[in-house]
Amino acid sequence: MAKPINHAGKTFGNWTVIEYLGKQYWLCRCSCGNMKSIYSGNLVSGNTTQCRSCAAKSKKRKDKPRTNRRKPIKPRAFLTIDGETKPKREWQKIFRLSRQGLEYRIKHNKLLKSGL
Ligand SMILES: [Zn+2]
């Protein structure tokens, strides 16, 4: 069996190695104060850099901007009448129609400038 490398005093991410526990396990203290025995392979490879509660905290921090992300802007509903393309909202103003009124006229093909 290979002689374990002495990691005591080293830091891996948030972990500070306190002492060797045997069988390739090291007692480590997280920056938050949590103590845990960690397999040296996981420590050296960077598989673990902090305790569970710290990992949960940093995950929360990461997730936060995601929830604050702006909603994708819906493509505006445009309508073309007599070769003019305007947002439906504007056509509503022009024809003095409610949204439902405008939709009704579109549906029944009654929306013509000459017809007003
Ligand atoms: Zn921690």
Matching residues, the range 31-49, being out of contact with any His (no Cβ under 8 Å at 6 or more places or on another chain) and either in a strand (DSSP E or B) or within 21 Å of Ile5 (Cβ to Cβ) (or both): Met35, Lys36, Ser37, Ile38, Tyr39, Gly41, Asn42, Ser45, Gly46, Asn47, Thr48, Thr49
Close pairs from the range 8-24: first on the phi > 0 side of the Ramachandran plot, partner part of a loop (DSSP other than H, G, I, E, B), Cβ under 8 Å, at least 6 apart: Gly13/Gly46; Gly13/Thr48; Gly13/Thr49; Gly13/Gln50; Gln24/Pro4
Criterion first (at pLDDT below 95, among the basic types (Lys, Arg) and surrounded by 13 or more Cβ atoms within 10 Å (Cβ to Cβ)) does Lys57 satisfy it? yes
If you check every pair at least six apart or on different chains, which have Cβ atoms under 7 Å apart with a residue in the range 69-92 that is among the aliphatic types (A, V, I, L, M) first and a residue that is modelled with pLDDT of 85 or more second? Ala77/Pro87; Ala77/Lys88; Leu79/Lys86; Leu79/Lys88; Leu79/Trp91; Ile81/Trp91
Which residue is nearest to the ligand (Cβ to nearest atom), if the candidates are limited to the range 12-26 and must be within 17 Å of Ser53 (Cα to Cα) and assigned to a strand (DSSP E or B)? Trp15
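The values are calculated or read from the model by the stated rules, or taken from the named source; none is laboratory data. Nothing here was measured: the structure is a model prediction, and the numbers come from that model. A quick note on method: Cβ atoms are made from the backbone with ideal geometry, for glycine too, and the neighbour counts reach across all protein chains shown.
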